[in-house]
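*Asks:* Quick one: the structure is below, questions incoming.
The values are calculated or read from the model by the stated rules, or taken from the named source; none is laboratory data. These numbers were taken from a predicted model, which means no experiment stands behind them. Backbone-built Cβ (ideal geometry, glycine too); neighbour counts: all protein chains shown. The protein model used for the area step is the full one, side chains on, heavy atoms only, and it has no ligands, DNA or RNA in it. Shrake-Rupley method; radii C 1.70, N 1.55, O 1.52, S 1.80 Å.
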Amino acid sequence: EPEVTQTPSHQVTQMGQEVILRCVPISNHLYFYWYRQILGQKVEFLVSFYNNEISEKSEIFDDQFSVERPDGSNFTLKIRSTKLEDSAMYFCASTQKGENYGYTFGSGTRLTVV
Amino acid sequence: TQLLEQSPQFLSIQEGENLTVYCNSSSVFSSLQWYRQEPGEGPVLLVTVVTGGEVKKLKRLTFQFGDARKDSSLHITAAQPGDTGLYLCAGPTHAGNQFYFGTGTSLTVIP
């Protein structure tokens, strides 16, 4: 069964450093997303991406965040200057089209900012 | 903001028991989805319900979408330890570009 692949599975970084989280969505999917989940809390929307541009972003997704689909395969989330409160599980998801198709989530990247 | 409240927040039952988990909102959703998440993993889609009043069955799991499309329930019959996990409901925003996730129900089935 097709999977969404995320790397790395764990990332520890010092506060103020830049991190890039990588995702390979399912190949025939058109919509891509980043969500995050702080330990013990809700899954929160960060950003959606379609047709090579951001279609929606949440208030969490401030100027420190950016997304890119550099090569038609990878979908990356960059945090320019990490803060302690950025520590969370970051999930990439993709869907074929439309909200009724359901997401396929990756296994996540656990980001720890120290 | 379209909020989804789930109840109960935590549920611990014995193997073989039945249970129901609820997902409620004051907003109307065009569809609702249920996911199960295990520790350290991403949520896995179980079902999507689209039509008000719709009932879908997935083996021992029965999902229902409320007539007004503001709520949904998940009923598990004869729960097994493998059912243990965090159950999340999620619904799309009006624009359809993102999903709101519910607060989650953490289910533990004791052998």
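*Asks:* Please arrange B:His94, B:His75 by accessible surface area, largest first, computed with a 1.4 Å probe and ligands excluded. Each step should come with its number before you reach the end.
*Replies:* Working: B:His94 155, B:His75 60 Å².
Listed by decreasing accessible area, they come as B:His94, B:His75.
*Asks:* Ok, one more. Which ³J(HN,Hα) values, rounded to whole Hz and listed in residue order, are derived for region B:5-11 from phi using the Karplus coefficients 6.51, -1.76 and 1.60 in 6.51 cos²θ - 1.76 cosθ + 1.60 with θ = phi - 60°, glycine and proline given as x?
*Replies:* 3J(HN,Hα) across region B:5-11, in whole Hz: 9, 10, 9, x, 6, 10, 8.
*Asks:* Given the whole protein assembly as supplied and a 1.4 Å probe, what does the accessible area of B:Arg69 come to in Å², nearest 10?
*Replies:* Number for this one is 80 Å².
*Asks:* Heavy-atom accessible area of A:Ser58 with all protein chains present, probe 1.4 Å, nearest 10 Å²?
*Replies:* 20
*Asks:* How long is the gain from A:Leu39 to A:Asn51 if the chain were fully straight, where each residue apart is worth 0.36 nm and the alpha carbon distance is subtracted? Write out the running numbers ahead of the final one.
*Replies:* On the way: separation 12, 0.36 × 12 = 4.32 nm, distance 3.17 nm.
Stretched fully, the A:Leu39-A:Asn51 segment lengthens by 1.2 nm.
*Asks:* Under the √(5λ) rule applied to the eigenvalues of the Cα gyration tensor, what semi-axes describe the equivalent ellipsoid of region A:5-98? Give them in Å, descending.
*Replies:* 21, 14, 13
*Asks:* Still on this model: Ignore the peptide's own chain and count Cβ atoms of other chains within 10 Å of each Cβ in B:47-55; give me the average, rounded. Don't skip to the answer; put the middle values down first.
*Replies:* Values: counts 1, 4, 1, 2, 0, 0, 0, 0, 0.
Taking all residues of B:47-55 together, the mean is 1.
*Asks:* Using a Förster distance of 41 angstrom, determine the FRET efficiency expected from the C-beta separation of B:Gln80 and A:Glu18, and round it to 0.05.
*Replies:* Efficiency at R0 = 41 Å is approximately 0.35.
*Asks:* Same structure, new question: Below 15 angstrom from the Cβ of B:Gly82, what's the summed charge of the other residues (Lys, Arg +1; Asp, Glu -1)?
*Replies:* Values: positive: B:Arg36, B:Lys59, B:Arg60; negative: B:Glu15, B:Glu17, B:Glu38, B:Glu41, B:Asp83.
Neighbour charge sum, excluding B:Gly82 itself: -2.
*Asks:* Along its principal axes, what span do the Cα atoms of chain B show, with the longest given first and each in whole Å?
*Replies:* 43, 29, 20
*Asks:* Next question, about the same structure. Anyone know which of B:Ala90, B:Ala68, B:Ala79 comes out most mobile in the 10 Å Cα GNM of chain B?
*Replies:* Of B:Ala90, B:Ala68, B:Ala79, the most mobile in the Gaussian network model is B:Ala68.
*Asks:* Separation between the B:Asn18 and A:Val114 pseudo-spin-labels, each 7 Å from Cα along Cα→Cβ, expressed in nm?
*Replies:* Output for this residue pair reads 5.1 nm.
*Asks:* DSSP loop GluC sites (Glu not before Pro) in region A:24-103 with at most 12 other Cβ atoms within 10 Å of their Cβ, which ones? Show your work: numbers first, answer last.
*Replies:* Working: sites: A:Glu44, A:Glu53, A:Glu56, A:Glu59, A:Glu68, A:Glu85, A:Glu99; in loops: A:Glu59.
The qualifying sites are A:Glu59.
*Asks:* Considering only chain A, what is the antiparallel percent among its DSSP beta bridges, to the nearest 5? Walk me through the intermediate numbers first.
*Replies:* Values: 35 of 39 bridges.
Approximately 90 percent, going by the DSSP bridge assignments.
*Asks:* Between region B:14-45 and region A:61-94, what is the separation of their alpha carbon centroids in Å?
*Replies:* 26
*Asks:* Moving on. In whole Å, what are the extents of the protein assembly as shown along the principal axes defined by its C-alpha atoms, from largest to smallest?
*Replies:* Sorted largest first, the three principal extents are 49, 36, 34 Å.
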